[in-house]
Each structure stands twice: as C-alpha cells, then as structure tokens.
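Single-structure report; data block below.
The values are calculated or read from the model by the stated rules, or taken from the named source; none is laboratory data. On a predicted model such as this, the values are computed, not experimentally measured, just so you know. Cβ: placed from backbone, ideal geometry, glycine included. Neighbour counts: every protein chain shown.
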Amino acid sequence: MAIPTEPIGSIPRSPELLAAMRSGDAAVSAAAQEAAVRDTIARMEESGCPVVTDGEQSKPSFVTYPIAGLPHLAPDGVVIPFNDGHTRQLPRLTAGPFRYAERAERYLRAAQEHASVPVKQAVATPSALSLLYPEGGIDGYPREQFLDDLADEAEADIRGCLDAGAHVVQLDFTEGRLSLKLDPSGALLDDLVALNNRVLERFSEDERARIGVHTCPGGDQDSTHSLDVDYAGLLPGLFRLKAGNFYLQLAGEPDPDKVLATVADHLPDTARVFVGVIDPIDPRVETAEQVRDRVLTAARHVPVDRLGTCDDCGFAPFADDTSTSRDTAFAKIRARVEGTALAARELGV
C-alpha cells in the first residue's frame with residue numbers, strides 16, 4: 001500500500017477471555033490469552049492490515065503493564081478525570097529503586113509467533129510512568145534518582161522491542177494533551193517532553209525512524225479527558241519529541257483542517273504523520289469512502305510521502321472491553337484499510 005496504515009493498539013476482549021481471566025486459574029487464563037492474541041492477529045490480517053498488533057489481549061492496560069504486581073505501590077496515586085465524570089487512578093510509588101516488572105518485548109514476541117506481517121508494539125511513555133512518583137517525595141529515594149532509574153528502564157523496554165524486530169515501537173503519549181488541561185501554561189508539557197527526549201536521545205537516527213509517538217485526548221467508556229484542549233497548544237511541543245513517526249487522533253476532531261494546518265507548520269522534516277481516520281468512540285462504522293475523504297483532506301496539507309493513517313486511539317486502552325464490541329472494532333479497521341487504499345489510488349500513489 002502506497003500510503004501506510006497502522007493500528008494503534010488495543011482491541012476489546014471477548015466475554016470468553018474475560019471469564020477465563022477472572023477464573024483465578026493461571027493456566028486457563030494464559031491459554032485463553034494466547035488464543036485471543038492468535039484470533040486478533042488473524043482477524044487483522046483478514047481485514048488486510050499490512051501491520052498488526054496483539055490487541056493488548058493480555059496487558060492489564062497500555063500504561064500499567066510495566067508495574068503490574070510490583071511491590072511498593074499504593075492505590076492512591078494520580079487521578080485522571082474524564083469528561084463524563086468517571087475517573088481512572090494510577091498507583092503511587094512508595095519506595096525505590098524503580099524497576100519494570102514486565103517488558104513489552106514479551107508481548108511482541110508472543111504476537112510474532114502468530115503473525116505473517118510486521119508487528120508493531122506499543123509501550124508506556126516515561127512521562128506517564130513519572131506520574132507514579134508522589135509530589136511529597138519518597139524518603140531515601142529522591143525524584144532525580146527515580147527519573148534516572150525510569151529513563152534506564154524505559155530505554156531497555158524500547159530497545160528490547162527494536163532488537164526483537166518490532167516494525168515500530170509506539171510510545172502512547174495520551175498524557176500530553178491532558179497536561180495542558182492541568183497546566184495551561186505549558187510548563188508541565190515541556191517537562192513531559194523533556195523527560196521523553198531524555199530517553200529518545202539515547203537512540204540513533206535509524207532507530208528513531210522506527211519509534212513513534214501516539215497522542216489523543218484519552219478514550220475510555222466512550223468519553224475523553226482532554227478533547228476540549230486545542231491541538232494548537234500541543235502540536236509544537238509534541239513535534240519536539242525525537243521520534244520518526246507521529247500518530248495523531250483526528251477523526252474525532254471538530255475542525256480537522258485547522259489541526260492539519262498546524263501539523264503542516266510544525267511537522268519535523270524527517271518525520272511521518274499518521275492521521276486518525278477512525279473514531280473508536282463513535283458507534284457507527286465508518287465507510288471506506290468516509291475514510292478516503294479524510295485521507296484526501298489530510299493530503300491537502302501534508303505531502304503524501306510523509307502521510308499515513310491510523311485509528312484515533314486503541315479500542316479498549318484502559319481495558320474497557322464493553323463500550324465497543326470486538327466485531328465493531330474489526331469492521332472499523334477494515335474500513336481504515338480499504339479507505340486508505342481508495343485514497344492512494346485517487347492520489348495516484
């Protein structure tokens with residue numbers, strides 16, 4: 001396909017998988033997760049996807065997989081408020097040193113066993129995990145030492161996936177847009193970008209060409225946490241990140257041309273932008289023609305050789321497996337693939 005297209009990550013789990021995971025039987029749960037990964041990849045490939053993910057079938061969530069089961073965590077960490085009133089809450093670190101309990105490489109290698117096309121792997125950003133450290137500090141474990149440890153762990157997480165042959169390693173930076181809601185001055189965003197670059201700068205230019213950053217206003221239980229934040233405040237900072245690919249929520253934006261004009265002004269010369277052409281929150285399945293038209297709109301602002309398409313977000317990023325059905329997610333993915341191909345033919349590429 002002349003215009004590349006990629007999924008973002010999560011796919012809703014089936015009721016059968018959820019029941020197996022609740023069973024308390026580790027062997028039953030592991031077998032069901034493996035079967036779900038195999039089915040997810042098969043259905044993505046049947047939809048024509050040139051790049052697939054494992055659908056995060058066995059991850060606790062896109063951000064918490066590195067810390068699941070870690071000691072020295074309390075449940076009363078940072079609260080993420082969504083616009084419909086519900087919240088998600090991160091744990092709070094109570095002692096150091098900070099180490100990942102799980103690395104994304106394990107999920108990648110498990111997916112590669114079932115895939116006949118390239119596999120991308122999403123990882124948690126250092127900036128998201130930095131929110132585990134409490135404002136009041138930790139006795140005997142200063143924040144700067146925590147950030148040093150976090151940077152080392154995040155580098156190892158990314159590098160392990162690159163070395164294992166990931167098509168792209170995608171950093172999920174949903175906290176970027178939220179930071180501007182929490183701190184409209186942009187100082188918090190600057191700090192998050194600087195922390196992520198502290199890790200990204202450890203990679204070569206060739207390696208960064210296989211690293212991407214995804215941003216969205218959050219998506220959970222058919223609500224968002226920061227859709228009311230103007231992209232104009234985020235994109236200049238986002239594009240300072242030293243990555244080769246940017247995955248941008250766009251289908252759910254009220255004024256995509258305004259966003260795309262800002263993208264055109266700030267996209268780094270060597271980077272590619274994947275624009276969201278599928279809205280996971282919208283229960284209606286997009287048609288291939290709708291997707292085509294969204295790609296053609298983007299092509300008026302971004303050179304086609306630097307353009308790709310994606311979904312706005314994962315379909316179940318916080319393990320919300322019921323707001324969107326599994327069948328709806330795959331129908332939307334098929335529309336993305338077919339619509340991108342229609343646009344490529346119309347653009348003559």
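Couple of notes before you dig in:
- Filtered residues of segment 310-349 (kept if of a type in the set (Phe, Trp, Tyr) and at pLDDT 95 or above): 330
- Scanning segment 171-216 for residues that are of a type in the set (Ser, Thr, Tyr) and without any contact (Cβ under 8 Å) to a residue 60 or more places away in the chain, we see that the one that is nearest to residue 105 (Cα to Cα) is 204.
- Residues located in segment 110-169, provided they are within 19 Å of residue 193 (Cβ to Cβ) and touching a His at 6+ places or on another chain (Cβ under 7 Å): none
- Residue list for segment 285-329, filter: crowded, with 17+ Cβ neighbours inside 10 Å, in a loop (DSSP other than H, G, I, E, B) and of a type in the set (Gly, Ala, Ser): 314, 316, 319, 323
- Qualifying position, being crowded, with 19+ Cβ neighbours inside 10 Å and either at pLDDT below 95 or of a type outside the set (D, E, K, R) (or both), among 147, 182, 178: 178
- Segment 225-245 residues that are part of a helix (DSSP H, G or I), paired with ones that are of a type in the set (Lys, Arg) (beta carbon under 9 Å, 6 or more apart): 231/177; 231/258; 232/258; 233/177; 234/177; 238/177
- Check on residue 142, touching a residue at least 40 places away in the same chain (Cβ under 8 Å) and surrounded by fewer than 17 Cβ atoms within 10 Å (Cβ to Cβ): no
- Some residue of segment 202-218 being among the aromatic types (Phe, Trp, Tyr), farther than 16 Å from residue 8 by Cβ and buried (at least 22 other Cβ atoms within 10 Å of the Cβ): no
- Some residue of segment 258-273 being in a loop (DSSP other than H, G, I, E, B) and in contact with a Pro (Cβ under 9 Å, 6 or more places away or on another chain): no
- Filter result (out of contact with any strand residue (DSSP E or B) (no Cβ under 6 Å at 6 or more places or on another chain), without any contact (Cβ under 8 Å) to a residue 60 or more places away in the chain and either aliphatic (A, V, I, L, M) or under 23 Å from residue 171 (Cα atoms) (or both)) within segment 65-93: 65, 68, 69, 70, 73, 78, 90, 93
- Selection within segment 195-222 - touching a helix residue (DSSP H, G or I) at 6+ places or on another chain (Cβ under 9 Å) and outside any loop (DSSP other than H, G, I, E, B): 195, 196, 198, 199, 200, 207, 208, 211, 213, 215
- Output for segment 246-255, where each listed residue is outside any strand (DSSP E or B) and either over 20 Å from the mean Cα position of the chain (by Cα) or among the hydrophobic types (A, V, I, L, M, F, W, C) (or both): 250, 251, 254, 255
- Search result, residues across segment 274-284 that are assigned to a loop (DSSP other than H, G, I, E, B) and in contact (Cβ under 8 Å) with a residue 24 or more places away in the chain: 279, 280, 281, 282, 283
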